[in-house]
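Enquirer: Structure provided below as structure tokens; questions to follow.
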């Protein structure tokens, strides 16, 4: 199974129409990957869907979403909420 990083990279590449190679941990969604506010909402929803399962529901509040500005911040948030590499 793919790692959390690989899954986040795939989601970001898909939603923002960028190459996965550009989706580095330090990449800023808005500054480096050219996401707009609607893109960020779609990313948050995609993260919630991808990382929720029958045992765990990932919910990202608006307040938390404001702090998720980079790929690494997304990974850190997910890790802090029980998501790990299987």
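The values are calculated or read from the model by the stated rules, or taken from the named source; none is laboratory data. Nothing here was measured: the structure is a model prediction, and the numbers come from that model. Neighbour counts run over all protein chains shown; Cβ positions are idealised from the backbone, glycine included.
Enquirer: If I go through the stretch 43-86 residue by residue, how many of them are modelled with pLDDT of 95 or more, within 18 Å of residue 23 (Cβ to Cβ), loosely packed, with under 15 Cβ neighbours inside 10 Å and touching a helix residue (DSSP H, G or I) at 6+ places or on another chain (Cβ under 8 Å)?
Expert: 1
Enquirer: Limited to the stretch 1-42, what total is found for residues that are without any contact (Cβ under 8 Å) to a residue 24 or more places away in the chain, under 12 Å from residue 69 (Cβ atoms) and surrounded by 15 or more Cβ atoms within 10 Å (Cβ to Cβ)?
Expert: 3
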